[in-house]
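Structure first, then comments.
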Amino acid sequence: MGKMKKKKFSAPKPRPTGLPSVGEFEAEIELQGDVQSSTLQTIVEKLQSPNEENRECACTTIAGLVSHPGTLSALLKLNVIKILAPLVLDHNWDIRHRALGALRNLSVDGGVSTCEEMVAKDVLTPVLALVQQFGSGDQFSEKESQRRKTMICETYAHAFYLLQNLCENSSQAVTTFSNGDLIPVVCVILDSECSTEELKLAVVEFLYTVTEDNSALCRRDLVDCVQKLMSHSTDTSIRMLIKTLSSGVLVNLEGSQLSSARGDLVVPIVTTMSEVLGVNVPAMLIPVDSEVSDMQASTEGSDISPEGEGDTPEDSEKENYVTSAEEKTLCDIKNFLKAQKVALEVVANLCCTDDDEWEDLNSSESSAEESAEAPMEEDVAESNSSFTPLCVSTELHSAYVSCGIVEKVLESAQPLSAEQLNILQENKILLERFQSKQTHALLCLNNLVSSLDTEALGGSQKLYTVWQGLLQLSTSQKSMEEEEVLEAVTAALRAVIQKLAEADPSKFQEVQAGDLQFMYEMSTKCQWPEVRVNALRIVSTIGGILAQNTNPHPLLKDIGVLFLEVVCKDSDLWVVAESLDSIFDVFGEDHIDPVLKEIGLVDKLKTIAPALKSKVQQNRKSLGEHYPVISTARTNLIRFIKYKTSQMK
């Protein structure tokens, strides 16, 4: 018999700091099933150690542990935020880097509540003080090595990503930054030759967040700085992303003025968006080992955690399986997808105007009741004019047409092929990003269709083809399972059919009951109210087309029954109000009255009117942004009943 080789057991490695590694702590959690408060207490105490290595290692350990269930809440109870914050200004740059990484991870994993706690515990003061230090430039002296300068830029990048997370989750953080007169130093960072592209990316991502609906930051120096960034080349994915985000920042700063701005300001923005959307990202997909995918998922630097924070030995070993070409391709795909998502947001936002705000109806109950006495027939024609032929400036309209924006948005809305989906099965993060881009494309299409004229959209036949494609997409299993996708595709369907109703209603004159069955089911059975409303409005538009016939179309009876069912059974007052509006739109004309009599619509509306009034009054304070629609529908219901009752005597 052969001899059995004895297994060698290595001695435990010394711990200079006295702290367990992240891997050891994870193993302890797996074995014991919960977080050991005594161990966490030791780690937090090390943050205040006079020994620099102790402080740095403690920051690194915390950064790697916050994602574990139970650890975050335990750390917060130990007041880790208050203890970490001063380390942002530690004299040792390595500690600053690690402390910001830990705070950044806390802001991501902790969500809104943790971000608000961080603001309340004054994390912003040291972080903003650090940002101010960039203006001195002392940290980039010639004696510093290039590697050291890169690490310092990474530290500033962590600071801006932390600021972005805080501003996304706390209005107080936005106010504090806006009042801090930090725009000059931000411009210095963006103009400085010392700043790496990664740092500039972090800054413009932050600006894209903080400048939204924030007129306090609309300053000439920032606008000039951002426009300068837009003139840079786009020969790499990160440069294209920076340029795209810069365009988004400019749109945020200029606001609604851009919808009527001169061509030399609008055209560069639209041209950039066209260039970004023209990149065929799905074609870049290559089969990727699951090892590569797992590595990417654990090191999503700019979105989840800073690079290197909390890496385990296993993560380092995975890097050995990845070629530099694969790394670059994955990085490029990620950057291009983010750039395209921003581009779609910018294109959609440029279509919006500020003219469609509701009046405050909360204090006008009595006047609304009095208006119920007004005649009904004046309102019937007005209620159907949801869209104007052209809702954007001539310059913007021309730029969209010349750059082929509509076609590129349609291409972005296309689902991935089966082969591409198969490649992405091992990379969930990239798959989610592709799907997010598709959702944004559908929402963007909704705005484009609502704002451009029919010819700019390719003509009525092209629109009808788009309608058929969207309808097929809405019935796919993936769409039915995802709220955001289904809401976006039904919103696009709603916009397309309303545009077709204006341009070429004959396309739907021959519609059959089977063609509407899916929308009927969506209106009554879908769990998401936004989707039910979109489906109702699609049916309403088709009903309005059919109601134009002198002889009532047979389908109008089914459509009326659907609207009544929603009014009587739906628990959401907003959906009920939209269904009532649909009744007013479709059945307002006198020649449709025989259909109303056949289904007993007016009598049933009389029955529900008192209960609806009571329900609106009881829930008034909780109706939020939908209150104006609901209140107006209730008022118009009284007028509709009175008018139709008098007409059908």
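The values are calculated or read from the model by the stated rules, or taken from the named source; none is laboratory data. Because the structure is a prediction, the values reported are computed rather than measured. Quick reminder, even Gly has a Cβ in these numbers, built from the backbone with ideal geometry, and neighbours come from all protein chains shown. Please note that ligands, DNA and RNA were not included when accessible areas were found on the heavy atoms of the full protein model with its side chains. Shrake-Rupley method; radii C 1.70, N 1.55, O 1.52, S 1.80 Å.
Helices (runs of 4 or more DSSP H) wholly in segment 424-481 with at least 1 residues that are over 30 Å from I286 (Cα atoms) and modelled with pLDDT of 90 or more - which ones? Give the derivation first.
Numbers: elements: 428-451, 460-474, 477-481.
Where helices (runs of 4 or more DSSP H) fall fully within segment 424-481 and carry at least 1 residues being over 30 Å from I286 (Cα atoms) and modelled with pLDDT of 90 or more, they are 428-451, 460-474.
Could you say whether any residue in segment 97-105 is in a helix (DSSP H, G or I), over 30 Å from Q139 (Cα atoms) and open to solvent by less than 10 Å² (accessible area, probe 1.4 Å)? Don't jump to the end; show me each part of the working.
Kept after step one, since they are in a helix (DSSP H, G or I), are these residues of segment 97-105: 97-105.
Of the ones still in play, those that are also over 30 Å from Q139 (Cα atoms) are none.
The answer is no, given that none of the residues of segment 97-105 is in a helix (DSSP H, G or I), over 30 Å from Q139 (Cα atoms) and open to solvent by less than 10 Å² (accessible area, probe 1.4 Å).
Only one of S274, S246 is surrounded by 15 or more Cβ atoms within 10 Å (Cβ to Cβ), at pLDDT 95 or above and in contact with a Gly (Cβ under 7 Å, 6 or more places away or on another chain). Can you tell me which?
Working: S246 fails: in contact with a Gly (Cβ under 7 Å, 6 or more places away or on another chain).
After applying the criteria, what remains is S274.
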(request) Hey, can you tell me all the residues within segment 149-186 that are closer than 15 Å to S107 by Cα, in a helix (DSSP H, G or I), polar (S, T, N, Q) and open to solvent by less than 30 Å² (accessible area, probe 1.4 Å)? (result) Q164, N165
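I'd like the full set of residues that are of a type outside the set (A, V, I, L, M) and either without any contact (Cβ under 8 Å) to a residue 40 or more places away in the chain or surrounded by fewer than 21 Cβ atoms within 10 Å (Cβ to Cβ) (or both), limited to segment 451-462.
Going residue by residue through segment 451-462, those that are of a type outside the set (A, V, I, L, M) are 451, 453-455, 458-462.
Result: D453, T454, E455, G458, G459, S460, Q461, K462.
So, in segment 406-421, exactly how many residues are in a helix (DSSP H, G or I) and either within 25 Å of T271 (Cα to Cα) or in contact with a His (Cβ under 7 Å, 6 or more places away or on another chain) (or both)?
Residues of segment 406-421 that are in a helix (DSSP H, G or I), as a first pass: 406-412, 418-421.
Narrowing the set further to residues that are either within 25 Å of T271 (Cα to Cα) or in contact with a His (Cβ under 7 Å, 6 or more places away or on another chain) (or both) leaves 406-412.
The number of residues fulfilling the criteria is 7.
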(message) Checking T465 against (1) without any contact (Cβ under 8 Å) to a residue 12 or more places away in the chain; (2) crowded, with 18+ Cβ neighbours inside 10 Å; (3) of a type in the set (V, I, T), only one condition comes out false. Which one?
(response) (2)
(request) Hey, can you tell me all the residues within segment 370-396 that are at pLDDT 80 or above and either within 25 Å of the chain's Cα centre (by Cα) or of a type in the set (D, E) (or both)? (result) E395, L396
(request) Scan segment 114-142 for residues that are farther than 13 Å from I189 by Cα, touching a Leu at 6+ places or on another chain (Cβ under 8 Å) and buried (at least 16 other Cβ atoms within 10 Å of the Cβ) and report the count. (result) 10
(request) Name, by its number, the condition in (1) under 38 Å from the mean Cα position of the chain (by Cα); (2) modelled with pLDDT under 90 that does not hold for P12. (result) (1)
(request) Could you tell me whether any residue of segment 579-601 is open to solvent by 10 Å² or more (accessible area, probe 1.4 Å), touching a residue at least 60 places away in the same chain (Cβ under 8 Å) and under 28 Å from the mean Cα position of the chain (by Cα)? (result) no
(message) Can you tell me which of (1) in a helix (DSSP H, G or I); (2) among the aliphatic types (A, V, I, L, M); (3) open to solvent by 10 Å² or more (accessible area, probe 1.4 Å) is the one V489 doesn't meet?
(response) (3)
(request) Pull up segment 602-642, narrow it to residues that are of a type in the set (K, R) and over 18 Å from L562 (Cβ atoms), then point me to the one that is most open to solvent (accessible area, probe 1.4 Å). (result) K621
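Of all residues in segment 408-442, how many are free of Cβ contacts under 8 Å to residues at least 24 places away in the same chain and closer than 25 Å to V531 by Cα? Break it down stepwise before answering.
So in segment 408-442, the residues free of Cβ contacts under 8 Å to residues at least 24 places away in the same chain come out as 418-419, 421-422, 425, 431-432.
Add one more test, that the residue is closer than 25 Å to V531 by Cα, and what stays is 431-432.
Final tally of qualifying residues: 2.
Among the residues of segment 216-235, is any within 24 Å of A413 (Cα to Cα), at pLDDT 90 or above and assigned to a helix (DSSP H, G or I)? Reasoning before the result, please.
Within segment 216-235, the first condition is being within 24 Å of A413 (Cα to Cα), and the residues that meet it are 234.
Adding the requirement that they be at pLDDT 90 or above leaves none.
Within segment 216-235, none of the residues are within 24 Å of A413 (Cα to Cα), at pLDDT 90 or above and assigned to a helix (DSSP H, G or I).
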(message) Being at pLDDT 95 or above, in contact with a helix residue (DSSP H, G or I) (Cβ under 8 Å, 6 or more places away or on another chain), open to solvent by less than 60 Å² (accessible area, probe 1.4 Å) and in a helix (DSSP H, G or I) is the requirement here; does A63 meet it?
(response) no
(request) Might you check whether a residue that is within 26 Å of R147 (Cβ to Cβ), open to solvent by 20 Å² or more (accessible area, probe 1.4 Å), in a helix (DSSP H, G or I) and in contact with a Gly (Cβ under 8 Å, 6 or more places away or on another chain) occurs anywhere in segment 82-95? (result) no
(request) Looking only at segment 397-439, count how many residues are closer than 30 Å to G459 by Cβ, under 23 Å from the mean Cα position of the chain (by Cα) and open to solvent by 80 Å² or more (accessible area, probe 1.4 Å). (result) 3
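Do the conditions hold for K621, that is, is it among the charged types (D, E, K, R), farther than 15 Å from A577 by Cα and free of Cβ contacts under 8 Å to residues at least 24 places away in the same chain?
Details: among the charged types (D, E, K, R): yes; farther than 15 Å from A577 by Cα: yes; free of Cβ contacts under 8 Å to residues at least 24 places away in the same chain: yes.
It is true that K621 is among the charged types (D, E, K, R), farther than 15 Å from A577 by Cα and free of Cβ contacts under 8 Å to residues at least 24 places away in the same chain.
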